[in-house]
Amino acid sequence: MNDPNGLVYYEGEYHLFYQYNPFGNTWGHMSWGHAVSSDLVHWKHLPLALLEADGVMIFSGSAVVDWKNTTGLGKNGKPPMVAIYTCYRPSDRMQSQCIAFSNDKGRTWTKYAANPVIDIHSANFRDPKVQWYEPGKHWIMTVSLSAEHKVRFYSSTNLKDWTLLSEFGPAGGTAGVWECPDLFQLPVEGTQERRWVLVVNINPGSIAGGSGGQYFIGQFDGTRFVEDPGSRPSVAGGGQAALWLDYGPDYYAAVSWNDISRSDGRRLWLGWMSNWQYGQDVPTSPWRSAMSIPREVGLRQTAEGIRLVQRPARENQRLREKRFQFKGGDLARANEWLTQNHIQGALELVVEFEHESTGVQGVEVLKSPKGKTVIGVNWDRKTVFVDRTNSANVNFNPKFSGVYDAPLTAPGRKVNLHVFVDASSVEVFVNDGEPVLTAISFPSGESREVKLFGPRDRAKISVLDVWNLKSSWK
Ligand code: FRU
């Protein structure tokens, strides 16, 4: 599989559709796979939702609940679920926007007879994200003109007839095609302010190489997205750099859930934990690729401006099993404690490092005699990094091995790392959600140990908290 698609919440179920090849474990025959969950962490696989047919693949897109039955496709007084996706015709490479609807909570789907609903005769026009825009009482579609590094906004009152509103871009990262956009409004934590966030994935040319996500902060008035001036870091020689969602190599095509209830109010999302540079080659079988854990998105005012923050959705705590809490002490003592408690396997770990003026300090995970994945703070460079160069199985693709750096937003302070380690992935949330690094990693051997390291054995470790995680499939 690749991108998450059609994330929507309806009648107690979180739906997760995704790009899926029913006939093999490399890209092809793109169709929408389907899973549902009542709690975001335990998932039930359902039959394929939308299948490639008549020479048309089902590319990425979104799903909405058409509460007001604007499409007229509802049944028995119940709103239809409508999927809006890219129809891709390999024969002439054309991409257009199509819709399909379901009257049984996404279990079975009917493609709309008059598809496509938008066709501009383009080979690079894809990944529509649709949402209801309440102030204007109409639907908004955010969709990418991939090769032109632009996002287009369309409006509709019935999901069938669409009017072009405006375009945004090129801007920010433009080294690769623009894909899988998203648009949402969020409060700035601790203030009365709100901002719109426009998310644009790019491939290749992202911060960690290959595929990755960037975002823009600004205003959206129902017609046009206007970026806040100066909201991105400036670069030497003028101009502005991009803002990155994740500094690791494996967080792509993240899109957020539609129709999360107002009383919940969270903006939740997840991403494809891989990268087109090597995604077809990762050494797993018979499956290939996984999604990240679900995350909650927010905005925080920092010294450098407003930044997107991501935290593990609180539902992830349901997988916590036994908790191990270090009483405090130095690094050497903390390592004895990790060994004594046989800390290993799938786990959630919180560790805090006191500020140091120099050196490299961190935690090795998925550690065996054959290799390890290193998560560290480089106090000299003022970065947090993930290093998988010695992570056992790195040779399946020359682009896989690497060290990935993220800047520390507040480099003068202690650093808190909140880490999720699964069988073949690490997700690192630094300083309560910014920056974030996600990387897959393929350990070998039986052991999956954890060890702290640093220049000083006497370095004080005041917070070290670990939970064994249960399988989400049991
Ligand atoms: C992104 C992407 C999308 C496209 C889909 C095809 O990973 O290339 O732009 O819709 O994957 O599988």
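The values are calculated or read from the model by the stated rules, or taken from the named source; none is laboratory data. Note that the coordinates shown come from a computational prediction; the quantities given were computed from them, not determined experimentally. Here Cβ is always computed from backbone atoms with ideal geometry, including for glycine, and neighbour counts include all displayed protein chains. Protein only, heavy atoms only, side chains kept; ligands, DNA and RNA dropped before computing areas. Shrake-Rupley method; radii C 1.70, N 1.55, O 1.52, S 1.80 Å.
Quick notes on this structure:
- Residues of segment 2-52 that turn out to be closer than 19 Å to residue 107 by Cβ, open to solvent by 40 Å² or more (accessible area, probe 1.4 Å) and among the hydrophobic types (A, V, I, L, M, F, W, C), as a count: 3
- Of the criteria (1) under 25 Å from residue 44 (Cα atoms); (2) open to solvent by 10 Å² or more (accessible area, probe 1.4 Å), which one residue 81 fails: (2)
- Answer residue from segment 272-290, given it is of a type in the set (Phe, Trp, Tyr) and part of a loop (DSSP other than H, G, I, E, B) and is nearest to residue 178 (Cα to Cα) among those: 276
- Scanning segment 326-347 for residues being surrounded by 14 or more Cβ atoms within 10 Å (Cβ to Cβ) and out of contact with any helix residue (DSSP H, G or I) (no Cβ under 6 Å at 6 or more places or on another chain) gives a total of 15.
- Qualifying residue in segment 16-27 (condition: modelled with pLDDT of 95 or more and over 24 Å from residue 275 (Cβ atoms)): no
- Looking across 388, 381, one residue alone is within 26 Å of residue 214 (Cα to Cα), among the basic types (Lys, Arg), buried (at least 20 other Cβ atoms within 10 Å of the Cβ) and in contact with a strand residue (DSSP E or B) (Cβ under 8 Å, 6 or more places away or on another chain). It is 388.
- Segment 4-21, residues that are in contact with an Asp or Glu (Cβ under 8 Å, 6 or more places away or on another chain) and either within 16 Å of the ligand (Cβ to nearest atom) or outside the structural domain of residue 280 (by TED's automatic domain parsing) (or both): 18, 19
- Candidates 426, 403, 419, 463, filtered to the one that is more than 21 Å from residue 287 (Cβ to Cβ), of a type outside the set (Gly, Ala, Ser), open to solvent by less than 10 Å² (accessible area, probe 1.4 Å) and in contact (Cβ under 8 Å) with a residue 12 or more places away in the chain: 419
- Taking segment 246-257 as the range and being open to solvent by 10 Å² or more (accessible area, probe 1.4 Å) and either within 16 Å of the ligand (Cβ to nearest atom) or farther than 16 Å from residue 387 by Cα (or both) as the test, only 255 passes.
- Meets criteria (without any contact (Cβ under 8 Å) to a residue 60 or more places away in the chain and more than 14 Å from the ligand (Cβ to nearest atom)) for residue 174: yes
- Residue within segment 262-271 that is part of a loop (DSSP other than H, G, I, E, B), within 15 Å of the ligand (Cβ to nearest atom) and farther than 19 Å from residue 401 by Cα present: no
- Reported count of residues in segment 350-366, each being of a type in the set (A, V, I, L, M) and crowded, with 23+ Cβ neighbours inside 10 Å, is 4.
- Taking the listed residues 226, 235, 188, 199, the one that is buried (at least 21 other Cβ atoms within 10 Å of the Cβ) and either more than 16 Å from the ligand (Cβ to nearest atom) or at pLDDT 95 or above (or both) is 199, with no other qualifying.
- Taking the numbered list (1) over 20 Å from the mean Cα position of the chain (by Cα); (2) under 19 Å from residue 16 (Cβ atoms); (3) away from the ligand (no atom under 16 Å from the Cβ) in turn, residue 58 passes all entries but (3).
- Counted residues, segment 23-38 - those being within 13 Å of the ligand (Cβ to nearest atom) and not aliphatic (A, V, I, L, M): 7
- Verdict on residue 408 being in contact (Cβ under 8 Å) with a residue 40 or more places away in the chain and open to solvent by less than 30 Å² (accessible area, probe 1.4 Å): no
- Cβ separations smaller than 6 Å between residues 6+ apart or across chains give the following pairs from segment 238-258 residues that are over 12 Å from residue 406 (Cα atoms) to residues that are among the hydroxyl-bearing types (Ser, Thr, Tyr) and not in a loop (DSSP other than H, G, I, E, B): 240/234; 250/438; 251/438; 257/9.
- Inspection of segment 203-216 finds no residue satisfying the criterion of being open to solvent by less than 40 Å² (accessible area, probe 1.4 Å), assigned by TED's automatic domain parsing to the domain that holds residue 244 and in contact with a His (Cβ under 8 Å, 6 or more places away or on another chain).
- When the strands (runs of 3 or more DSSP E) confined to segment 93-164 are screened for residues that are buried (at least 23 other Cβ atoms within 10 Å of the Cβ) and within 22 Å of the chain's Cα centre (by Cα), those reaching at least 3 such residues are found at 125-133, 138-145.
- For residue 84, the conditions (1) over 18 Å from residue 20 (Cα atoms); (2) in contact with a Ser or Thr (Cβ under 7 Å, 6 or more places away or on another chain) all hold with the exception of (1).
- Total residues in segment 9-41, condition in contact with a Leu (Cβ under 9 Å, 6 or more places away or on another chain) and under 16 Å from residue 268 (Cβ atoms): 10
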